[in-house]
Structures are given as structure tokens and as C-alpha cells.
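Here the structure comes first, spelled out in C-alpha cells, and everything after it is commentary.
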Amino acid sequence: MKESTRPRIGVLAIQGDYAAHAEALTESGADPVEVRKPEQLEGLDGLILPGGESTTMLKFLEKHKFFEALKAYCAVHPVFGTCAGAILLAREVHRPVQRSLGVLDAVVERNAYGRQIDSAILHADTTLPGGPIEMVFIRAPRILSTGPSVEVMARRDGFATLVRQGRVMAATFHPELSSDRRVHRAFVEAVRGTPAASEVAWCRNAGRAGTP
Amino acid sequence: MSETNGSKSFTSTSLRLKVGLAEMLKGGVIMDVMNVEQARIAEEAGATSVMALERVPAMIRAEGGVARMANPKLIKGIIGAVSIPVMAKARIGHFAEAQILQELGVDFIDESEVLTPADEVHHIDKHAFTTPFVCGARNLGEALRRIAEGAAMIRTKGEAGTGDVVHAVQHMRQIVKEMKALTVLSEQELYAAAKEHQAPYELVRMVALTGKLPVPNFSAGGIATPADAALMMQLGAEAVFVGSGIFMKERATPLDVENNPKEREEAVSRAKAIVAATTHFNDPKILAEVSEQVTGTMKGLAAAAIEESQLLQTRGW
């Protein structure tokens with residue numbers, strides 16, 4: 001995809017902060033598209049699974065073969081999940097054990113830091129250029145472990161909070177609720193660097209190319 | 001983010017976290033539940049959150065008496081039974097009830113006109129809490145006064161416990177209309193507008209600039225069917241609360257979801273249909289399908305037939 005064109009990136013809009021993601025995408029050089037039905041995945045260059053309640057999203061996906069369609073989509077396209085979205089992408093989910101898409105080689109524990117009263121805004125070093133990043137945690141999950149092909153881009157108390165594995169990105173915090181757009185820009189660049197064809201030919205450094 | 005402006009600034013960490021949770025609940029349904037079994041049904045049906053109560057508004061209306069915060073034992077039981085956020089109601093102005101709810105680990109406190117008010121002058125100072133608050137409003141001025149006090153979410157009051165959506169519609173239309181009107185005013189006209197709305201100038205100005213509330217705007221009070229939920233979403237609500245509409249049979253009698261499989265199934269069908277309608281609020285084809293799946297609807301009480309003195313929405317100011 002040419003640098004000059006704005007990729008069309010879907011935002012799963014079952015419920016959650018999909019509007020905040022859509023705004024972040026617009027500011028990061030992409031055109032957001034709300035996705036509420038499986039057929040709306042057609043022709044999208046990438047997809048974001050937003051924050052919200054993962055059980056609500058999961059119940060919804062289990063109807064009308066949406067789950068299978070999403071799994072097939074995520075197997076070949078760039079996807080980015082935040083909080084509930086990261087839970088949906090994981091290989092394994094704990095507390096409680098629940099179904100997931102299994103496209104990110106990670107084990108995730110839900111509500112791992114406690115209830116809303118334990119939500120927090122923290123700052124941490126990141127491998128993204130530009131210094132430490134703000135991390136907004138809302139009833140956040142914890143990535144307990146990651147596979148060897150997963151790159152950890154930021155941490156909280158030693159646990160990964162921002163990760164990348166090929167075309168798949170995930171954050172246990174909410175970059176869409178910060179004004180810093182580096183994470184969304186990295187995802188949009190990853191989408192630009194991925195051939196539109198269904199084959200998986202991810203260029204590892206595409207996400208680091210720097211933005212105009 | 002600096003907190004030098006005090007905790008009342010919209011860039012403060014505390015308020016960003018509170019509004020952050022409200023953001024996560026957008027596009028979803030928050031359901032009133034009176035026991036663990038109802039909470040499980042709500043979660044299973046796809047509710048984004050449950051409101052733990054001893055009596056839903058329809059029962060409070062029918063039975064009368066002083067309606068207070070739910071027993072902590074009930075709230076703890078529900079917190080232990082579901083993984084979604086749990087809300088609970090405190091009486092208007094009853095900050096001690098709110099302190100107890102925060103201590104229990106409730107995720108959102110509803111300072112609610114459905115319960116009997118504890119203070120006829122002051123609402124709770126919600127900035128003093130770590131737990132976020134939602135408050136009801138009938139118009140923009142009321143919404144902005146609650147936001148000034150620290151509410152992280154506004155909901156229409158509607159008329160709770162009736163199953164009649166007419167007042168929720170009236171309140172949402174009123175708030176949206178008043179917000180639109182502010183956007184065309186000049187800077188110098190905003191001072192008088194703040195006076196008319198009896199709301200802080202800074203908040204009135206924020207609405208004038210953006211055309212929307214600085215916190216999420218949800219709807220409650222009389223939503224009983226999938227079509228009601230879709231109506232409120234199309235009118236501008238960002239999510240809906242459903243109180244008596246899911247688990248009530250007659251006015252003051254809940255469906256027996258614990259012992260009667262048929263009545264359990266009825267509650268499940270209502271809950272699932274309202275969840276689907278809230279996501280697909282703009283898709284009449286899907287709305288028709290999910291409406292058909294509902295078995296039975298709360299009987300309801302026409303809001304126009306209620307005497308002025310019996311209205312819940314006039315509580316709070």
C-alpha cells in the first residue's frame with residue numbers, strides 16, 4: 001500500500017470505546033470503519049479490537065459465526081487489541097477461563113490488578129521511539145507470559161503491557177485514551193507495510209519506519 | 001498529567017480513570033439485578049455491567065417505604081459471582097452509603113433518585129471518591145451541575161420502574177436540544193447561558209465548543225424492550241440502563257429465575273434481545289429479528305397516569 005493513501009481500518013463496534021479508537025485512527029492517518037457484522041470485515045486493511053467487556057464481546061461473537069469469521073480474518077490481516085481486545089486475541093485466558101481467538105502467543109489473566117478502584121495511569125519505557133509512554137489501565141488484564149516470537153515493547157512491574165507478534169499488536173492499557181498517538185501510528189504503519197494479499201508477508205521492521 | 005489544577009480538572013488522573021471506565025461501557029446494557037442468579041443471567045446474556053439492588057424501581061414504586069442502599073452482603077455476593085463491573089446505588093446526598101459502597105469495591109456508584117433522598121440540598125461531593133459516579137439528569141443544567149460535583153457519567157432519569165420510555169425520550173431530547181443550542185452562541189452569550197442553565201460557565205463553554213457532554217451520556221428510566229433501547233441510542237444515548245424491564249413479570253412481581261425454567265428463559269430472551277438491539281440500534285432488520293425472539297414483556301405503568309408527587313425524577317435538582 002502506498003504511503004499516500006489512507007488505509008481503511010475496521011474497529012469492532014459491538015460495544016466499548018470504539019469511538020475513541022476511531023478518533024485515534026483518524027489522527028494517525030487511517031480511515032476507521034465500524035464493524036458490527038462479519039460481512040463488514042470484507043476489504044478492510046486491518047482491524048482494531050477495542051477496550052470494553054470481553055465477555056460481552058465474546059457472547060456477541062458466538063452468534064452468527066462471527067467468531068469464526070473474525071478468527072479467519074485475524075489469521076492473515078494486521079490486528080490490534082487493547083484491554084478486552086488483547087484478551088480476545090490471546091492464546092489462553094484465565095480468571096475465568098474463556099474462549100479466545102488464539103492469534104497472539106500469550107497467556108492473559110483478566111481483571112488482574114483488581115477492581116475499578118485499582119485502575120491507574122502509569123508511565124513506562126517503550127521500544128517505540130520518543131521516550132516513555134503513558135499507560136491508562138482500566139480494570140486491566142495482565143499478560144502472564146508470551147511465546148518466543150512475541151516482542152515486548154513496554155512493561156509494568158516486569159509484565160508485558162504492549163506486545164507485537166508479526167501482524168498482531170496488543171496492549172493491556174488504553175493508548176486510545178491518551179493524547180500520545182505513537183501506538184496507533186505504529187499499527188497504521190504496520191497495516192501500510194502489509195501486502196493487501198491474504199498471504200502473510202509481514203516485514204518485521206515496517207512498524208519502525210517513522211512517520212511523516 | 002499534572003494535578004496542579006486540583007482534582008476537578010478534566011485532565012486529572014482521577015477523573016480520566018473514572019471517565020475511562022464509562023468509555024468501556026459504551027454501546028452496552030447495564031442491567032438491574034436483585035440476586036446472584038439474575039447477575040449470572042445478565043452476564044451470560046452480554047450485559048456490560050450489573051446494578052446490584054435489593055428491589056428494582058418497579059417494586060420500590062409498588063411497595064413504598066424508604067428505599068436505601070442494598071445490603072453489603074448482597075453486593076459482595078454479586079461481585080463474587082460475575083467478572084463484569086458491578087454498580088450499586090446510593091441515596092442522593094448520602095455520602096456515608098457511598099463510602100461503604102467504595103469500600104466494598106463497587107466499580108460505579110449511582111447517586112440515584114430511585115432511592116429515597118437523604119439530603120434535600122446537597123448532592124454527594126463525588127470528587128472526594130476514587131470510585132466513579134453516575135447521576136441522573138432531566139436537562140442540561142442538571143447534568144452539568146452533577147458533572148461539576150464530579151459525576152463521570154450522566155444518564156437520563158426517565159421515570160424508573162414504569163416500563164414507559166416517554167420520559168427518558170423527553171429528557172434525552174431536552175439535553176441534546178440544549179447542547180445544540182449552545183453551539184451556535186457567541187462567546188459573550190455563554191455567560192448568560194451559564195446563568196440560565198444554573199451551571200458553571202467553564203462546563204457550559206466546553207459543551208458549546210464540542211456539542212456534547214464532557215462525560216459519557218447514557219439513558220435510563222423506563223426502557224423495557226429492544227425497540228426502546230434502539231430508540232434511545234438513535235436519540236443520542238451512548239449506552240442504556242435497563243431496570244425493571246428484564247426480570248419483572250407483573251408490576252411488583254419478579255420472574256422466578258431460580259425455580260421456574262420457563263420464567264428463567266423469558267428473562268434470558270429479554271436480556272439477550274436488548275443487548276443485541278443496543279449494538280444494532282441502527283439496523284431495523286436485526287431489530288425486527290431480536291424483537292421477535294422476546295417472550296413476554298414487563299406489563300408496565302403509563303407514566304402519564306402517575307401523580308406528580310409520586311414521580312421519582314423530581315428528586316434531585
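Restricted to region B:94-124, and to residues that are over 17 Å from the mean Cα position of the chain (by Cα) and over 15 Å from B:ARG68 (Cα atoms), which residue is surrounded by the fewest Cβ atoms within 10 Å (Cβ to Cβ)?
Among residues in region B:94-124 that are over 17 Å from the mean Cα position of the chain (by Cα) and over 15 Å from B:ARG68 (Cα atoms), the one surrounded by the fewest Cβ atoms within 10 Å (Cβ to Cβ) is B:VAL121.
Consider B:GLY46 against the criteria (1) without any contact (Cβ under 8 Å) to a residue 60 or more places away in the chain; (2) within 11 Å of another protein chain (Cβ to nearest Cβ): it satisfies all of them except one. Which criterion is unmet?
The single condition B:GLY46 does not satisfy is (1).
Please name all residue pairs, on different chains or six or more residues apart, with Cβ atoms under 6 Å, provided the first residue is in region B:102-120 and is at the interface with chain A (Cβ under 9 Å from one of its Cβ atoms) and part of a loop (DSSP other than H, G, I, E, B) and the second residue is buried (at least 18 other Cβ atoms within 10 Å of the Cβ) and hydrophobic (A, V, I, L, M, F, W, C).
B:VAL106/B:VAL86; B:VAL106/B:ALA88; B:ASP107/B:VAL86
Do any strands (runs of 3 or more DSSP E) entirely within region A:108-199 hold 3 or more residues that are touching a residue at least 40 places away in the same chain (Cβ under 8 Å), and if so, which? Lay out the reasoning, then the answer.
Details: elements: A:120-124, A:133-137, A:142-146, A:151-156, A:159-165, A:168-171.
It comes to A:133-137, A:142-146, A:159-165, A:168-171.
Could you please tell me which pairs satisfy a Cβ distance under 8 Å, a separation of 6+ or placement on different chains, a first residue in region B:10-24 that is at the interface with chain A (Cβ under 7 Å from one of its Cβ atoms), and a second residue that is part of a helix (DSSP H, G or I) and modelled with pLDDT of 95 or more?
What qualifies is B:ARG16/A:LEU177; B:LEU17/A:GLN116; B:GLY20/A:LEU177; B:LEU21/A:GLN116; B:GLU23/A:ALA20; B:GLU23/A:LEU177; B:MET24/A:ALA84.
Can you tell me which residues in region A:21-44 are away from chain B (no Cβ under 14 Å) and of a type in the set (Asp, Glu)?
First pass over region A:21-44, keeping only residues away from chain B (no Cβ under 14 Å): A:25-33, A:41-44.
Those that are away from chain B (no Cβ under 14 Å) and of a type in the set (Asp, Glu): A:GLU27, A:ASP31, A:GLU42.
Quick one: which of A:ALA75, A:ALA124, A:ALA19, A:ALA86 is under 26 Å from A:ARG181 (Cα atoms), crowded, with 21+ Cβ neighbours inside 10 Å and out of contact with any helix residue (DSSP H, G or I) (no Cβ under 7 Å at 6 or more places or on another chain)?
A:ALA86
Scan B:LEU235, B:LEU231, B:LEU255, B:LEU213 and give me the residue that is over 21 Å from the mean Cα position of the chain (by Cα) and not polar (S, T, N, Q).
Values: B:LEU235 fails: over 21 Å from the mean Cα position of the chain (by Cα); B:LEU231 fails: over 21 Å from the mean Cα position of the chain (by Cα); B:LEU213 fails: over 21 Å from the mean Cα position of the chain (by Cα).
Just a single option satisfies the conditions, and that option is B:LEU255.
Residues are listed down the side, and each one gets a yes or a no for (1) closer than 24 Å to A:ARG115 by Cα; (2) without any contact (Cβ under 8 Å) to a residue 24 or more places away in the chain:
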| site | (1), (2) |
| --- | --- |
| B:GLU54 | yes, yes |
| B:MET59 | no, no |
| B:PRO72 | yes, no |
| B:ILE75 | yes, no |
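Kindly indicate which of B:GLU289, B:GLU307 is at pLDDT 95 or above and of a type in the set (Asp, Glu). Reasoning before the result, please.
Values: B:GLU307 fails: at pLDDT 95 or above.
After ruling out the rest, the residue left standing is B:GLU289.
Check off (1) closer than 23 Å to B:GLU250 by Cα; (2) in a helix (DSSP H, G or I); (3) at pLDDT 95 or above for B:ILE30 and give me the number that stays unchecked.
For B:ILE30, the failing item is (2).
Let me confirm something: among B:ALA276, B:ALA288, B:ALA305, which residue is under 29 Å from B:ASN35 (Cβ atoms) and among the hydrophobic types (A, V, I, L, M, F, W, C)?
Numbers: B:ALA288 fails: under 29 Å from B:ASN35 (Cβ atoms); B:ALA305 fails: under 29 Å from B:ASN35 (Cβ atoms).
The conditions single out B:ALA276.
What number of residues in region B:220-238 are touching a Lys or Arg at 6+ places or on another chain (Cβ under 6 Å) and either among the acidic types (Asp, Glu) or within 15 Å of B:ALA151 (Cα to Cα) (or both)?
Here is the first cut: in region B:220-238, the residues touching a Lys or Arg at 6+ places or on another chain (Cβ under 6 Å) are B:220-221, B:238.
So of that shortlist, the ones also either among the acidic types (Asp, Glu) or within 15 Å of B:ALA151 (Cα to Cα) (or both) come out as B:238.
Of the residues in region B:220-238, 1 are touching a Lys or Arg at 6+ places or on another chain (Cβ under 6 Å) and either among the acidic types (Asp, Glu) or within 15 Å of B:ALA151 (Cα to Cα) (or both).
Just to verify a result, which residue in region B:292-317, among those that are in a helix (DSSP H, G or I) and closer than 26 Å to B:CYS135 by Cβ, is nearest to the other protein chains (Cβ to nearest Cβ)?
Initial filter on region B:292-317 (in a helix (DSSP H, G or I)): B:292, B:303-305, B:308-310.
Subsequent filtering for residues that are closer than 26 Å to B:CYS135 by Cβ retains B:303-304, B:308-310.
On the way: B:ALA303: 28, B:ALA304: 33, B:GLU308: 37, B:SER309: 37, B:GLN310: 34 Å.
Within region B:292-317, the match that is nearest to the other protein chains (Cβ to nearest Cβ) is B:ALA303.
What tally of residues in region B:60-88 results from selecting those that are more than 11 Å from every other protein chain (Cβ to nearest Cβ), assigned to a loop (DSSP other than H, G, I, E, B) and touching a Lys or Arg at 6+ places or on another chain (Cβ under 8 Å)?
Qualifying residue count for the region: 4.
Tell me whether region A:13-20 contains one or more residues that are under 15 Å from the mean Cα position of the chain (by Cα) and more than 8 Å from every other protein chain (Cβ to nearest Cβ).
no
When the residues of region B:27-42 are filtered to those that are of a type outside the set (Val, Ile, Thr) and buried (at least 23 other Cβ atoms within 10 Å of the Cβ), which remaining residue is farthest from B:ILE79 (Cα to Cα)? Give the steps one after another, and end with the answer.
Restricting attention to region B:27-42, the residues satisfying the condition of being of a type outside the set (Val, Ile, Thr) are B:27-28, B:31-32, B:34-35, B:37-40, B:42.
From the residues that got through so far, the ones that are buried (at least 23 other Cβ atoms within 10 Å of the Cβ) too are B:27-28, B:31-32, B:38-39, B:42.
On the way: B:GLY27: 22, B:GLY28: 19, B:MET31: 14, B:ASP32: 14, B:GLN38: 12, B:ALA39: 9, B:ALA42: 13 Å.
Step by step, filter region B:27-42, then rank; the result is B:GLY27.
Would you call B:VAL204 in a helix (DSSP H, G or I) and touching a His at 6+ places or on another chain (Cβ under 9 Å)?
On the way: in a helix (DSSP H, G or I): yes; touching a His at 6+ places or on another chain (Cβ under 9 Å): yes.
Here the answer is yes, as B:VAL204 does meet what is asked.
For (1) more than 20 Å from B:TRP317 (Cα to Cα); (2) exposed (fewer than 15 other Cβ atoms within 10 Å of the Cβ); (3) among the aromatic types (Phe, Trp, Tyr), each residue gets a yes or a no:
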{"site": "B:LYS177", "(1), (2), (3)": "no, yes, no"}
{"site": "B:ALA193", "(1), (2), (3)": "no, no, no"}
{"site": "B:ALA199", "(1), (2), (3)": "no, no, no"}
{"site": "B:THR210", "(1), (2), (3)": "yes, yes, no"}
{"site": "B:PRO214", "(1), (2), (3)": "no, no, no"}
{"site": "B:ALA227", "(1), (2), (3)": "yes, no, no"}
{"site": "B:MET232", "(1), (2), (3)": "yes, no, no"}
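Does A:ILE87 count as away from chain B (no Cβ under 11 Å) and more than 18 Å from B:ALA239 (Cα to Cα)? Spell out how you get there, then give the answer.
Details: away from chain B (no Cβ under 11 Å): no; more than 18 Å from B:ALA239 (Cα to Cα): yes.
Judged against the criteria, A:ILE87 is not a match.
Filter region A:99-121 down to the residues that are more than 14 Å from chain B (Cβ to nearest Cβ) and surrounded by fewer than 20 Cβ atoms within 10 Å (Cβ to Cβ), then identify the one that is farthest from A:CYS74 (Cα to Cα).
A:VAL107
Going residue by residue through region A:51-61, is there one that turns out to be of a type in the set (Phe, Trp, Tyr) and away from chain B (no Cβ under 11 Å)?
Pass one, region A:51-61, residues of a type in the set (Phe, Trp, Tyr): A:60.
Next, only the ones that are away from chain B (no Cβ under 11 Å) stay: none.
Looking through region A:51-61, none of the residues is of a type in the set (Phe, Trp, Tyr) and away from chain B (no Cβ under 11 Å).
The values are calculated or read from the model by the stated rules, or taken from the named source; none is laboratory data. Since the model is a prediction, treat every value here as computed from it, not as a measurement. Cβ: placed from backbone, ideal geometry, glycine included. Neighbour counts: every protein chain shown.
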